[in-house]
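Report on the following structure.
The values are calculated or read from the model by the stated rules, or taken from the named source; none is laboratory data. As the structure is a computational prediction, the values presented were derived from the model and not from experiment. We place every Cβ from the backbone using ideal geometry, glycine too, and count neighbours over all the protein chains shown. Quick note on the areas: whole protein, heavy atoms, side chains included, nothing else; ligands and nucleic acids left out. Shrake-Rupley method; radii C 1.70, N 1.55, O 1.52, S 1.80 Å.
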Amino acid sequence: MLKEEKEKHLALLTTAEVKVEGQFVWGSNYTFLVDLIHEAGPDKAVYKPVRGERELWDFPSETLSAREVAAYLVSEAYGLGMVPPTIFRQDAPVGPGSLQLFMDHDPDYHFFNFNEEDHAKMLDVAVFDIVINNADRKGGHIIKGEDGKLWLIDHGVCFHEEFKLRTVIWDFAGEKLPDEIKGRLKVLRDSLVESNELFTSLNALISDEEITAMTGRIADLLEVGELPHPDEERR
């Protein structure tokens, strides 16, 4: 998605009238499909209100929607560009929450039946999930839009300061990090200093401790230079 197109979508998510169309029924938290009403005609978005979040024992309450937005910001700063445009909106129909552009896709095409070309792109996703400490990367959380592009969704349980990686993507365990990915990790690391705009934006969404922990995970990846193996003591 080109920069101009992303900016258009972000502006639309921020300003368009939001009208609830229906509810997704397969998640733990309340999630709605909404229409974004504007002059050029309706677009669709996924709305996750704070008040619809189920309490979790290990994540602070009423923070999951903010983490969705943080994942988008980190995806952009890392140069991945695979999380659909996402914002936090105060004046949504049932209260504040995240709004993410809905990507039309084939739900029957997912990580477990990717073709060889799409599977090769998962190394970058595996790195991203380590960076954001994704505790819930399911196969169906990677979708292919009608535009032919792969998109990553559902990032409400990410960024915990304790290591909580839970993912289906272990195919690249032990593989060396390409220089191109190392370069982007260094840029992301350098963007997380307190004087930087990215730090300020993230700090409104996640805690100082969680940003510090993310910086540490990036440093570990760069030092080791390869993707980790799963911990034998964890499922």
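What to note about this one:
- Checked against (1) open to solvent by 20 Å² or more (accessible area, probe 1.4 Å); (2) within 22 Å of Ala70 (Cβ to Cβ), His110 passes all but a single condition, namely (2).
- Within region 1-47, being of a type in the set (Gly, Ala, Ser), in contact (Cβ under 8 Å) with a residue 24 or more places away in the chain and open to solvent by less than 30 Å² (accessible area, probe 1.4 Å) holds for Ala16, Ala45.
- Selection status of Lys182, over 16 Å from the mean Cα position of the chain (by Cα) and not in a loop (DSSP other than H, G, I, E, B): yes
- Within region 185-209, the residues that satisfy the criterion of being assigned to a helix (DSSP H, G or I), open to solvent by less than 50 Å² (accessible area, probe 1.4 Å) and either within 21 Å of Asp171 (Cβ to Cβ) or touching a residue at least 60 places away in the same chain (Cβ under 8 Å) (or both) are Leu185, Leu188, Leu198, Ser201, Leu202.
- Some residue of region 71-90 being part of a strand (DSSP E or B) and aromatic (Phe, Trp, Tyr): yes
- Any hit, region 155-162, residues being open to solvent by 50 Å² or more (accessible area, probe 1.4 Å) and either closer than 24 Å to Asp58 by Cβ or touching an Asp or Glu at 6+ places or on another chain (Cβ under 9 Å) (or both): yes
- Note on region 33-55: residues that are at pLDDT 90 or above and in contact with a helix residue (DSSP H, G or I) (Cβ under 8 Å, 6 or more places away or on another chain) total 7.
- Restricting the first member to region 48-62 and to residues that are aliphatic (A, V, I, L, M), and the second to residues that are in a loop (DSSP other than H, G, I, E, B), the beta-carbon pairs closer than 6 Å and six or more apart or on different chains are Val50/Glu62; Val50/Pro96.
- Of the listed requirements (1) open to solvent by 40 Å² or more (accessible area, probe 1.4 Å); (2) modelled with pLDDT under 95; (3) of a type outside the set (Lys, Arg), Gly145 misses just one: (1).
- Checking Ala11 against (1) closer than 21 Å to Gly156 by Cβ; (2) in a helix (DSSP H, G or I), the condition it does not meet: (1)
- Enumeration of residues in region 58-94 that are open to solvent by less than 20 Å² (accessible area, probe 1.4 Å) and on the phi > 0 side of the Ramachandran plot: Gly81
- Scanning region 214-231 for residues that are in contact (Cβ under 8 Å) with a residue 24 or more places away in the chain and open to solvent by 20 Å² or more (accessible area, probe 1.4 Å) gives Thr215, Arg217, Ala219, Leu222, Glu226, Pro228, His229, Pro230.
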